[in-house]
Every structure is written in structure tokens, then in C-alpha cells.
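S.K.: I am attaching a structure below and will ask some questions about it afterwards.
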């Protein structure tokens, strides 16, 4: 087989076929690009790996409606951000703190969530809906920059991902267990808004892959797998159908112990699944996952981010070799870390990861 471009190599794997070699992706996006650029590793990654560039399409706030504006107060010296939203029934407030002070792009911890009381929920439900309009300017700019070095992936949260982030985790899980009618009302409301926004994206975008995140908030160990059907499958199946109707590929991003969910996720119709975490953070045996759903879903990941941070070059090479041998035969596997690398990831390990993937990624040697 002739050497493929990174874009074609990835697309071939996504379609469950064998490309010229196993694709190797470091997983870049909004969190990793700034620090990788500062560390001088970004250009190496862009040149030597098969880039799966995760991004979003600006235009929607967390409530997915233009009828409200989120007012932000930034306390830069403290790394604190206060968000206020005026609703017909009063003000909703959320407070976040930078994970690394002065670098909000790395992520943040939520100190106070928008929905913490029954009155907060009433305020949220009082917000009228006005459809959000996607802004494609930044997406088109990134695509021009990427070229054929990889594939652009547009990330969008499903109803569980949006509603779950509005609540403190424990309260959201209690609502899922004990307030079935209310949770369904909230999820259905958000589903309509997400569906509308996604449809607007798909009507304009030509070739991006759509990655759905959020299901991990109700995956084990948080809830029994039986909850997955009514909280995730019911909604995400419709989102995937919409994506396929517009001739796009659909991925799912779901951390956690998903071993008992593999067939459920495949039944949703997704074309790819990330991150397939092995123990102890997850419970996925990659070879077993390949046997169970590898003929329906492209498997992406399985190299723990913690291993990318802490392993020696030799240990990392062995893990990459084993993952490729377990999941790559027949096609439908992309070697990738289980999460986007953070600033504590040694650049030498990123280089070792890419080199290991190339060393063991020839299908003639698997």
C-alpha cells in the first residue's frame, strides 16, 4: 500500500479498514495547544503524528440559548471566575477557580455550580429558548492550518453532559436516582437545544467528525449500567442518527468503567469510541473490546495519560506495542492517550509515544 496522508490514514481506520500503518494521535485541542507551543513540542506533534484536533464551534453558551447572557467577573490575581445569569425568576451564579493560576485554558475547578437548590432549578426552567447561531470562522481557520495532517473533530456535549455539569456531582446523581421525572424534563429540554445547534453545524460543516461527550457522568462507577439506556442511549442515538444523515462520522468520548457498556455504546451507532481506559482508572481489556465491538466501532486510546506522564521510555514503548497488537489487526484502531496531555507531561515522553507508535504500527509486523 502506498503511504497515505495522515488524514486518509485516520479516515481509513475510522471506517474499520487497515491503513498503511496504525494511526498515532497525541490528542490535541484547546487545553494542550497553548502549553505544547510554549514547550516547543507542538510543531513536532503536528509533523510526526496523525493529528486528531478536537475543537468546538463557538456560538452557544452552557444553557444553549441566546435569551440569556453570562456575565463574567474575573479575579485574575486569585484565579477566580464568577459567572452570573439573570433569569425570569432570579439570578443564577457559578464560581470557578483556575487549575493552574493564570492559565485558564488548562481547565478549572467549579467551586459553586449554577444549580444547587430547587429554586435554582426553577430559575433554570424559566429561561426562554432562543436558538444559538454557530460561528464557523475559527473552525475554518483551524482546518486551513491542519490541512491533510489530520482530521478535525468537533466536540459537543450530550444532554447528560450539559445538565450534569450544571449540578454538583453528588446532587446530580441523587436526582438521577430519585427524581426521574425532573431529570427527564431537564434532559429532554436540553436535547432539543443541542439537536437544534448540532443540526445548524452539520448543515454548514462539510467533513468534520462529531464527538459526543458527557455520558461518563452517569457511567459506572457513578450509576448502574441500567441507567445508561434512559439517560444516554435514548438521546444520543438520535444525535448519532442526525450526524449520519448529514454524512458525518460520530464518535463518543466516555471515561470510566465502561466494560459493561460496550455493546450499549455500539448500539447507539457511534463510529468511534474513546478512551477505553484500562485498569485501574477504567476496566477495559482492549483485546476483549476488539472481539466484542471492534467490527462495529473504531477503538481509540487505551494508553493511560498517567502512563504518558510517568512511564520510562521502555515502559511506554511496551504499552504502545501491546495496545497495537491487541486492537489494530483488521483495522479500526487509533493509538492515543486516554486524555489530552497536560503541562506536567514530559515532552520526551510525547516524542517516545509517537516513535513507539510508528515503530510497532506496521501491519506487516503486527
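S.K.: Taking the Cα atoms only, what angle lies between the long axis of helix 313-327 and the longest principal axis of the chain, rounded to 10 degrees?
M.R.: 90 degrees
S.K.: Something else now. Arranged by the count of other C-beta atoms within 10 angstrom, fewest first, what order do 111, 217 take?
M.R.: Sorted ascending by nearby Cβ count, the order is 111, 217.
S.K.: Which whole-number percentage describes the relative contact order of segment 192-273, with Cα contacts under 8 Å and a sequence gap of 6 or more?
M.R.: 38 percent
S.K.: By count of other Cβ within 10 Å, fewest leading, how are 353, 172, 251 ordered?
M.R.: 172, 251, 353
S.K.: To continue, here is another question. [x] 35, 28, 17; [y] 34, 23, 20; [z] 31, 23, 20: which one is semi-axes √(5λ) of the Cα gyration tensor in Å as calculated from this entry?
M.R.: Only one listed value fits the structure, namely [y].
S.K.: What is the chain's relative contact order, in percent, from Cα pairs under 8 angstrom and six or more apart in sequence?
M.R.: Relative CO of the chain lands at 21 percent.
S.K.: Still on this structure, please answer the following. Counting other beta carbons within 10 Å of each Cβ, put 144, 75, 260 in order, fewest first.
M.R.: Lowest count first: 144, 75, 260.
S.K.: Restricting to the chain, what percent of DSSP beta bridges are antiparallel, rounded to 5?
M.R.: If I count the DSSP bridges inside the chain, around 40 percent turn out antiparallel.
S.K.: What is the distance, in nm, between label points placed 7 Å from the Cα along the Cα-to-Cβ direction at residue 230 and at residue 192?
M.R.: Distance between label points: 2.1 nm.
S.K.: Rounding to the nearest 10 and keeping the result within 0 to 90°, find how far the Cα-based axis of helix 137-146 lies from the longest principal axis of the chain.
M.R.: 10 degrees
S.K.: Compute the relative contact order of segment 18-126 as a whole-number percentage, counting only Cα pairs closer than 8 Å that sit 6 or more residues apart in sequence.
M.R.: 18 percent
Readers should treat all values here as calculations from the given coordinates under stated rules, not as data from a laboratory. Everything numeric in this text was worked out from a predicted model, so none of it was measured. We place every Cβ from the backbone using ideal geometry, glycine too, and count neighbours over all the protein chains shown.
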